[in-house]
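The values are calculated or read from the model by the stated rules, or taken from the named source; none is laboratory data. Keep in mind the model is a prediction, meaning the values are calculated, not measured. Neighbour counts run over all protein chains shown; Cβ positions are idealised from the backbone, glycine included.
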Amino acid sequence: MAGRRAIYGDTGDGGVQLAASTDRWHLYPDHVLLAPDDRPEDLLRFDAELMPFADNPRRGALAVVDMQNDFCAEGGWTHRSGLDYRACREAIPGVARAVEAARRHEMFVIWVYWYNRPDLRNLGAPSLHSFKHTPDQAGIGQPLDHGRVLTAGEWGAEMVDELKPLIRDGGAGVHRRRRHQRGRLPRGDQLRRRVQGTS
C-alpha cells in the first residue's frame, strides 16, 4: 500500500488514490470514496451521474438558496412579472425533506438569501435590467403589494412561510450580495467563520 502522498498510489484494497494527504480520495471500479479516513459506519453512498460516491455527511452542508417570497410566493416579483413561480413552489416539499434529512445526519444547513440595499447602490445597470425588462415592470427596490422587490427587511426578501419553521435560532444564514453585475458568495474560510453551532 502506497503512502498518503503517493498520487495514483495503490490503496491496498483495489483502489487508486487521487491527490494526497487529507485532500485525497480513493477511486474504486464502482464508486469514489471521498473520506478514506472515516469509519465505514459513518459513510453514506450517493448515486451520481458519473459514478456513485461515498462520503461522511457530517463533512458537508446543505445550502438552501433563494427560496424567498419574491421568487416562490404568490404576489412576489416572479408571479407579478407574469413568470411561472409555481415551479419554485413545487420544489418546497423536496427542500423541506432535504433539510430534515440533513439534520438527521448532523449536517449544517446554510440558508442563502439575496436582497439589496434600499438605495440600490450595490447594483449596476446589468443587474437592474435583469429584473426590469420593460419600463412598466416592477424592478428591484420598486414597490409591489407586499413591499419593495428583493430589498433588505421587506417581505419579498424573506424565506417562504413553509420553510421558516425549519430555520433554527442561531442557524447559519448567508446574504448573497451582488456588486454590479457580479454575484458573490463568501469564500470557504469566511463562511466557516460565520457558521456557528447547528443550523
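What is the number of the single condition among (1) at pLDDT 95 or above; (2) of a type outside the set (G, A, S); (3) touching a Gly at 6+ places or on another chain (Cβ under 7 Å) that M1 does not meet?
(1)
For the structure I just gave you, tell me whether V64 is in contact with a strand residue (DSSP E or B) (Cβ under 7 Å, 6 or more places away or on another chain), under 30 Å from L43 (Cβ atoms) and not in a helix (DSSP H, G or I).
Here the answer is yes, as V64 does meet what is asked.
State yes or no: is A35 within 23 Å of D145 (Cβ to Cβ), among the hydrophobic types (A, V, I, L, M, F, W, C) and over 15 Å from the mean Cα position of the chain (by Cα)?
So A35 does not fit the description; no.
When the residues of region 153-177 are narrowed to those that are in a strand (DSSP E or B) and of a type in the set (A, V, I, L, M), which ends up modelled with the highest pLDDT?
Start the filter on region 153-177 by keeping residues that are in a strand (DSSP E or B), which leaves 159, 172-175, 177.
Remaining after also requiring of a type in the set (A, V, I, L, M): 159, 172, 174.
Numbers: M159: 96, A172: 60, V174: 73.
Filtering region 153-177 for residues that are in a strand (DSSP E or B) and of a type in the set (A, V, I, L, M), the one modelled with the highest pLDDT comes out as M159.
Report yes if P36 is in a loop (DSSP other than H, G, I, E, B) and in contact (Cβ under 8 Å) with a residue 24 or more places away in the chain, otherwise no.
yes
Can you name the residue in region 98-149 that is β-branched (V, I, T) and part of a loop (DSSP other than H, G, I, E, B) and is also surrounded by the most Cβ atoms within 10 Å (Cβ to Cβ) among such residues?
Checked region 98-149; the qualifying residue surrounded by the most Cβ atoms within 10 Å (Cβ to Cβ) is V149.
Any chance region 51-63 includes a residue that's crowded, with 18+ Cβ neighbours inside 10 Å, of a type in the set (A, V, I, L, M) and free of Cβ contacts under 8 Å to residues at least 24 places away in the same chain?
Yes, region 51-63 contains at least one residue that is crowded, with 18+ Cβ neighbours inside 10 Å, of a type in the set (A, V, I, L, M) and free of Cβ contacts under 8 Å to residues at least 24 places away in the same chain.
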